């Protein structure tokens, strides 16, 4: 699977690249100010990953624009800053929270999608002082994971193939990070997406309330 990874100048970007390659992705990496959305689209990636980084989503190059323009059609995963960019792209607010840097933290989740093969809770690395404000989430984004200090740790769009995680699956501090990435890749194959669409049609498109 051809994955385009937008690098938001994070020092651990290549840990994420290596983890994705380990679970079967062919990854192309370009920094967030060295490519346009049209150029990404011309690459015809099977999926997009928006990397972590040191800035706010609004200052992360084409991150937000890329999600808005290609998210409806190209499966997209946001990690940390990339997760926050998903929130901003769909109208949520990103706010300051008590910083958590380099700590393993229990992550609770709804056990579907990319989390299906993971226990709840599992430990994952958190490196952030910003988070999506839960109260500002639009109806189209559902919470898929959360921490016991009340922060949103995962979101998924209800109709677009877009999801994000606030924690770092590529970190050595994260249990089963490779399993999560492998599950995400499996869930976005054409056959899996078609099966999901059929299930949504049979159920009237309803999903778990956040």
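A short reminder: the numbers here are calculations on the coordinates, not readings from a lab. It should be emphasised that the depicted structure is a prediction, and the values quoted were computed from it without experimental measurement. Cβ placement follows ideal geometry from the backbone for every residue including glycine, while neighbour counts extend to all protein chains displayed.
Quick look at the values:
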{"quantity": "DSSP bridge orientation in the chain - percent antiparallel, rounded to nearest 5", "calculated": "55 percent"}
{"quantity": "Residues 109, 157 arranged by fewest to most Cβ contacts within 10 Å", "calculated": "157, 109"}
{"quantity": "Value at 222 nm in deg cm²/dmol, rounded to 500, when DSSP H runs of n ≥ 4 in the chain each add -39,500 (n - 2.57)", "calculated": "-8000 deg cm²/dmol"}
{"quantity": "Relative contact order for the chain, counting Cα pairs under 8 Å that sit 6 or more residues apart, in percent", "calculated": "19 percent"}
{"quantity": "Sorted by Cβ density within 10 Å, fewest first, the residues 83, 128, 168, 101", "calculated": "101, 128, 168, 83"}
{"quantity": "Prolate/oblate/rounded call for region 1-51, Cα gyration tensor, a/c under 1.5 rounded", "calculated": "oblate"}
{"quantity": "Principal axis dimensions, the chain - Cα atoms, whole angstrom, descending", "calculated": "41, 39, 33"}
{"quantity": "Sorted by Cβ density within 10 Å, fewest first, the residues 86, 172, 50, 62", "calculated": "172, 62, 86, 50"}
